[in-house]
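Down below is the structure, laid out as structure tokens.
The values are calculated or read from the model by the stated rules, or taken from the named source; none is laboratory data. Keep in mind that what you see is a predicted model, and the values were worked out from it rather than measured. Note: ideal-geometry Cβ built from the backbone for every residue, glycine included; neighbour counts use all protein chains shown.
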Amino acid sequence: MAQRVVVTISDDIDGGEAAETVTFSLDGKTYEIDLNPANAKKLREALAPYMAAGRKQANTGKRGRAPVSYHHTSLAPDPAAVRAWARSHRMEVPARGRIPKKVYEAFDAAS
């Protein structure tokens, strides 16, 4: 039996369907928010004057990476569903930890 897992993210402002996850930092804390295109545009427009006047930090945090202003994510299928699908198709997949990219690719191709 084939399974298809659909993940839908909801806009954290208005409850509708979101199109992207936006990551931003303020006062040393990083936040993520799921937004539809209109609300993402509003956030970017609201922050634009502050970003234009501000300075980018070249190197912060323990990992030595600059903070991310915006981060567009793709929706990955539920790892538990991918593991179950891979096992049912006799693919080797670890019980814990990172799932190999080839397993995700096979899962996507089968969907």
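Test of understanding: among ALA95, ALA86, ALA58, which residue is at pLDDT below 90 and not assigned by TED's automatic domain parsing to the domain that holds THR23? Reasoning before the result, please.
Values: ALA86 fails: at pLDDT below 90; ALA58 fails: not assigned by TED's automatic domain parsing to the domain that holds THR23.
Exactly one of ALA95, ALA86, ALA58 is at pLDDT below 90 and not assigned by TED's automatic domain parsing to the domain that holds THR23, namely ALA95.
Return the residues of the range 1-46 that are of a type in the set (Lys, Arg), surrounded by 12 or more Cβ atoms within 10 Å (Cβ to Cβ) and under 17 Å from PRO77 (Cβ atoms); say none if nothing qualifies.
Within the range 1-46, none qualify.
Between a residue in the range 94-111 that is within 14 Å of GLN3 (Cβ to Cβ) and any residue that is surrounded by 11 or more Cβ atoms within 10 Å (Cβ to Cβ), which pairs come within a Cβ distance under 6 Å, given they are 6 or more apart or on different chains?
Within 6 Å, the pairs are PHE107/VAL82; PHE107/TRP85.
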